[in-house]
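A.B. asks: Pasting a structure below so you can have a look.
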Amino acid sequence: MSYDPALFQRMAKYNAWMTEKAYAAAGKMSDAERKADRGAFFKSVHSTLNHILFADRVWMSRFSEVPYATNGMGVDIYDVFSELRSAHLEMSRDISVFTNQLSPDWLAQTMTWTRSTDGVSRQRPRWLLVLHMFNHQTHHRGQLSTLLMQKGIDIGVTDLPFMPDLIDDFGG
């Protein structure tokens, strides 16, 4: 079976688009509002954004063997919103560069990694793990969208088929 890198390149574009939108929406809140416990899994808008960045860094470290700093599961990497935003946008660019270098052969291979939380080694196809990274982002951005909407902030269109570059290419 062959795995087309174009799928992951599209998902990287979607991630970059949605990361920009998420930070634009979260930027409409005060720092105290962003950091308030809203009953979400990672409590606040700020910590949910940190968690998405955390997971991206963990997976990208595994995929690229480039070390990215993390503070552990559930521990914010950045306390200052502007620093978090800058780091997250940089991570989005790194993910795009990474997906632009993917090959069907690399994606078809099995990856072995050891989770720091339980020390257990696991093996899965690389294509599945890259897909998981993007699915994980989408999952938590859905939570983020709900938290923002509860404060009256609409993140806007989030549907993949309606990304601005696709509208330009395919019409409304």
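A.B. asks: Within the stretch 118-150, list the residues whose amide N lies under 13 Å from a label point set 7 Å along Cα→Cβ of Thr110.
C.D. replies: 122-126
A.B. asks: With runs of 4+ DSSP H residues as the only contributors, calculate the mean residue ellipticity of the chain at 222 nm using -39,500 (n - 2.57) per run, divided by the residue total and rounded to the nearest 500.
C.D. replies: Helices in the chain give a 222 nm mean residue ellipticity of -20000 deg cm²/dmol.
A.B. asks: With a ≥ b ≥ c taken as the square roots of the eigenvalues of the C-alpha gyration tensor of the stretch 22-91, please select rounded if a/c is under 1.5 and otherwise prolate if a/b is larger than b/c or oblate if it is not?
C.D. replies: prolate
A.B. asks: Computed FRET efficiency, Cβ-Cβ of Arg122 and Thr146, R0 30 Å: what is it to the nearest 0.05?
C.D. replies: Between Arg122 and Thr146 the formula returns 0.45.
A.B. asks: Right, here's the next one. What is the Cα convex hull volume of the chain when expressed per residue in Å³? Could you put the intermediate results ahead of the total?
C.D. replies: Values: hull volume 20.6 nm³, N = 172.
Here the figure is 120 Å³ per residue.
A.B. asks: At 0.36 nm per residue, minus the direct Cα-Cα distance, what do His132 and Phe41 gain on full extension? Give it in nm, one decimal, please. Could the numbers behind the result be given before it?
C.D. replies: Values: separation 91, 0.36 × 91 = 32.76 nm, distance 1.87 nm.
Length gained between His132 and Phe41: 30.9 nm.
A.B. asks: Across all directions of projection, what mean area in square nanometres is found for the Cα convex hull of the stretch 10-61?
C.D. replies: That works out to 3.9 nm².
A.B. asks: I want to verify a result. In a Gaussian network model of the chain, Cα cutoff 10 Å, which of these has the top mean-square fluctuation: Ala25, Ala108, Ala55?
C.D. replies: Ala108
A.B. asks: Let me ask something additional. Determine the relative contact order of the stretch 29-81: mean sequence separation of Cα pairs under 8 Å and six or more apart, normalised by residue count, in whole percent.
C.D. replies: Contact order relative to length: 29 percent.
A.B. asks: Quick one: go through the stretch 23-49 and flag any residue whose amide nitrogen is under 19 Å from the point 7 Å out along the Cα-to-Cβ line of Val80.
C.D. replies: Taking a point 7 Å out along Cα→Cβ of Val80, the residues of the stretch 23-49 whose backbone N falls under 19 Å are 23-24, 27-35, 46-47, 49.
A.B. asks: List the relative contact order of the stretch 5-170 as a percent without decimals, with contacts defined as Cα pairs under 8 Å and 6+ residues apart.
C.D. replies: Worked out over the stretch 5-170, it gives 30 percent.
A.B. asks: Filter Lys13/Lys43; Lys13/Lys151; Lys21/Lys151 down to the pairs with a C-alpha to C-alpha distance above 21 Å, please. Intermediate results must be reported in sequence, preceding the final value.
C.D. replies: Values: Lys13/Lys43 27 Å; Lys13/Lys151 27 Å; Lys21/Lys151 16 Å.
Correct reply: Lys13/Lys43; Lys13/Lys151.
Each reported figure results from applying straightforward, stated rules to the coordinates on display, with no laboratory input. Not measured: the values here are computed from a predicted model. Counting neighbours? That spans all protein chains shown, and the Cβs are built from the backbone with ideal geometry, glycine included.
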